[in-house]
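Q: Dropping a structure here in structure tokens format, bear with me for questions.
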Amino acid sequence: DMGQLKTLADEIMSCYGVQCCILQADLSKADAAAKVYRSTKTAGLRVDILVNNAGICTHGEMVDTPLEDIRQMVQINAGSVATLSHLYGKDMKRQGRGRIL
């Protein structure tokens, strides 16, 4: 719910004096992670802490799971994490600080 996210972002900004940017993204899409990165750069935000918290799983035996479901799981759980970590990690290295969880 975007309304709840906006409320949380406002609370974080007020409490901690930091900027907060709400982004909605479908990380099952190959280009979504790069779009997230570009959005934060366009907004002029510096990301000091990246929390990779997206993930899905399938149920049942792998051989019985549709291949597209497996591809989607791998893209979200590994592809988007690798892309976001790479892009923001490069910025953090240049800044001389930052954390990726």
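The values are calculated or read from the model by the stated rules, or taken from the named source; none is laboratory data. The model shown is predicted, which means the values in this text are computed figures rather than measured ones. Cβ: placed from backbone, ideal geometry, glycine included. Neighbour counts: every protein chain shown. These accessible areas exclude ligands, DNA and RNA; they are computed on the full protein's heavy atoms, side chains included. Shrake-Rupley method; radii C 1.70, N 1.55, O 1.52, S 1.80 Å.
Q: Using +1 at the Cβ of each Lys and Arg and -1 at the Cβ of each Asp and Glu in the chain, identify which of M2, C57, V18 lies farthest towards the dipole's positive end.
A: V18
Q: Any idea what the dipole of the range 20-101 comes to, in debye rounded to 20, about its Cα centre with Lys/Arg Cβ at +1 and Asp/Glu Cβ at -1?
A: With Lys and Arg at +1 and Asp and Glu at -1, about 780 debye.
Q: Roughly speaking, what % of Cα-Cα pairs in the range 20-95 are separated by over 14 Å, rounded to a whole number?
A: Numbers: 1797 of 2850 pairs.
Tail fraction, whole percent: 63.
Q: With a 1.4 Å probe and all protein chains kept in place, how much accessible area does M73 have, in Å² rounded to the nearest 10?
A: Near enough 40 Å² of accessible area.
Q: Karplus couplings for the range 56-61 from phi (6.51 cos²θ - 1.76 cosθ + 1.60, θ = phi - 60°), rounded to Hz, Gly and Pro as x?
A: Each residue's phi maps through the Karplus curve to give 9, 9, 9, 10, x, 6 Hz.
Q: Here's another thing I want to ask about it. Alpha carbon centre of the range 1-34 versus the range 36-101: separation in Å?
A: If you average the Cα positions of each part, the centres end up 15 Å apart.
Q: Follow-up question, since we're still on this one. How much mean residue ellipticity at 222 nm does the chain get from its helices, if each DSSP H run of length 4 or more adds -39500 (n - 2.57) and you divide by all residues, to the nearest 500 deg cm²/dmol?
A: It comes out at -15500 deg cm²/dmol, rounded to the nearest 500.
Q: Sum up the charges of everything whose Cβ sits under 13 Å from the Cβ of M92, counting Lys and Arg as +1 and Asp and Glu as -1, but leave M92 out.
A: Neighbourhood net charge equals +4.
Q: Keeping every protein chain in place, order D69, D1 by accessible area at 1.4 Å, biggest value first, i.e. largest first.
A: Of D69, D1, the descending order of accessible area is D1, D69.
Q: What distance in nm lies between label points placed 7 Å from Cα along the C-beta direction at A34 and T65?
A: 2.6
Q: For K90, what accessible area in Å² do you get when you roll a 1.4 Å probe over the heavy atoms of the protein chains, rounding to the nearest 10?
A: Accessible surface of K90 is approximately 110 Å².
Q: Could you tally the net charge around S28, taking each other residue with its Cβ under 14 Å from the Cβ of S28, Lys/Arg +1 and Asp/Glu -1?
A: Details: positive: K29, K35, R71; negative: D26, D31, E68, D69.
That works out to -1.
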